[in-house]
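Readers should treat all values here as calculations from the given coordinates under stated rules, not as data from a laboratory. Predicted, not measured: the structure shown is a model, and the values here were computed from it. Positions of Cβ are generated from backbone atoms using ideal geometry, with glycine treated the same way; all protein chains shown enter the neighbour counts.
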Amino acid sequence: MPPRLILNADDFGLTPGINRAIAELHDAGALTSATLMANGPAFDEAVAIARARPTLGIGCHILLVDGTPVSDPSTIPTLLGPDGRNFRSSLAAFALAVLRGHVRAEEIARESLAQIRKLQRAGIRITHVDTHKHTHILSRVACPILKALEQTSIPAIRDPFEPRWSATLSDNPRRALLVRALEPLHRHFQSLPQIAEGRVLTTDGTLGISATGRLNSTTLRNLLNTMPDGLWELVCHPGYNDSDLDAVTTRLRAQRETELHALLDIFAHSSSKPLNPSGLKLIHYGELARRSVVSNI
């Protein structure tokens, strides 16, 4: 069986330029999935784009850091920063609070459910979830989110860990070392009951995490040429670097257009090349659930 790959764009709903890039990529055959931000400024437009493209898998991009909650802030005080209205702006501050036991699991579950249900009320059939800045790499975050998925019958979650072979191709030695250091956490993630028992599905790992901000055509080709058999997700952040992007907090600006052009270069339909390279099977997370049902019959 050839490798299967999910091409997923994060930050759907953040700006109109990101929404437009995701629509253009999917229409060109260069994107199979996107994760939608329930609290994104361009949420309504993203919903309209998603509903007009039923072949685009849509996940929920759960934010627990660097944004505004969907829940009433008074119901999730341990998730909030000093202003008592917004999440902590720093991933490090959030992780430290989680590890110190200062963030309540029930509040993570409450806010995750609120974001999921906002998408569902908008008519989105959610294929999976992931988290902004991969916060569910921590088991104390993953556990309440997995419980929320079971409550809402969402079948899959991103494996937020990158394999060693992928990290070494990113030309980012510090990230490659971090990937190795996080391997014990990956084993813990895989042993969580919902994952280990197949109640919530996932992949063999996520590619491109170390290459975030550096994912150009050369790096993408190297990833694809090195990819072993298995089921993988490529995480990307395509978009247009425009005035709307200037109005939001993000470190990825010009790099979003670089990723957009890399995906089009490698995957877009044309008369001169196949629909995808190297015999890859391009899928989205919703197809994992369908395959699981078939295999259990």
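Please give the calculated 222 nm ellipticity per residue for the chain, where each DSSP H segment of at least 4 residues contributes -39500 (n - 2.57) and the sum is spread over every residue; nearest 500 deg cm²/dmol?
Working: 13 runs with 126 residues, N = 297.
Rounded to the nearest 500, it is -12500 deg cm²/dmol.
If you average the sequence gap of Cα pairs under 8 Å that are 6 or more apart and divide by the length of region 115-157, what percent do you get for the contact order? Show your work: numbers first, answer last.
Numbers: 21 pairs, mean separation 18.5, N = 43.
Worked out over region 115-157, it gives 43 percent.
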Subject >> P(r) tail fraction, the chain - alpha-carbon pairs more than 33 Å apart, % >> reply: 17
Original post:
By DSSP, what percent of the beta bridges with both residues in the chain are antiparallel, rounded to the nearest 5?
Top reply: 10
Original post:
About its Cα centre, how strong a charge dipole does the chain have in debye, to the nearest 20, once Lys and Arg get +1 and Asp and Glu get -1 at the Cβ?
Top reply: 540
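Which length gain, in nm to one decimal place, applies between Leu96 and Ala122 when the Cα-Cα distance is subtracted from 0.36 nm times their residue separation?
Numbers: separation 26, 0.36 × 26 = 9.36 nm, distance 3.41 nm.
Here the answer is 6.0 nm.
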Subject >> Farthest positive-ward along region 1-72 dipole, Cα basis, beta-carbon charges - from Ala52, Thr35, Pro69 >> reply: Ala52
Subject >> Centre separation in Å (Cα based) which lies between region 112-155 and region 11-78 >> reply: 13
Original post:
How high is the relative contact order of region 1-50, given as a whole-number percent (alpha carbon pairs under 8 Å, six or more residues apart)?
Top reply: 46
**OP:** Output ³J(HN,Hα) for region 55-65: one whole-Hz value per residue in order, computed from phi by the Karplus curve 6.51 cos²θ - 1.76 cosθ + 1.60 with θ = phi - 60°, and x for Gly and Pro.
**Re:** 8, 8, x, 10, x, 9, 8, 6, 9, 10, 8
Original post:
Simple spin-label model, 7 Å along Cα-to-Cβ: Leu177 to Ser71 in nm?
Top reply: 3.7
Original post:
Could you put Val248, Val103 in order, starting from the residue whose Cβ has the fewest other Cβ atoms within 10 Å?
Top reply: Val248, Val103
Subject >> region 4-295: relative contact order in percent, alpha carbon pairs under 8 Å with at least 6 residues between >> reply: 24
**OP:** Taking H placed 1.01 Å from N in the peptide plane, check which residues at least 5 places from Val200 or on another chain put their amide H under 5 Å from its amide H.
**Re:** Ile195
Original post:
Residue by residue through region 74-79, which ³J(HN,Hα) values in whole Hz follow from phi under the Karplus form 6.51 cos²θ - 1.76 cosθ + 1.60 (θ = phi - 60°), with glycine and proline marked x?
Top reply: 5, 8, 9, x, 6, 8
Original post:
What order do you get for 147-153, 162-168 when each peptide is scored by the mean count of other beta carbon atoms within 10 Å, highest first?
Top reply: 162-168, 147-153
**OP:** Report the paramagnetic label zone for Thr226: residues of region 152-180 whose backbone N is under 11 Å from a point 7 Å from Cα along the Cα-to-Cβ axis.
**Re:** 163-173, 176
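Looking at region 1-97 only, what percent of DSSP beta bridges run antiparallel? Nearest 5 please. Let's see the in-between values first.
On the way: 1 of 8 bridges.
Antiparallel: roughly 10 percent of the beta bridges in region 1-97.
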Subject >> Under 5 Å, built H, 5+ apart or other chain: amide partners of Thr15 >> reply: Ala42
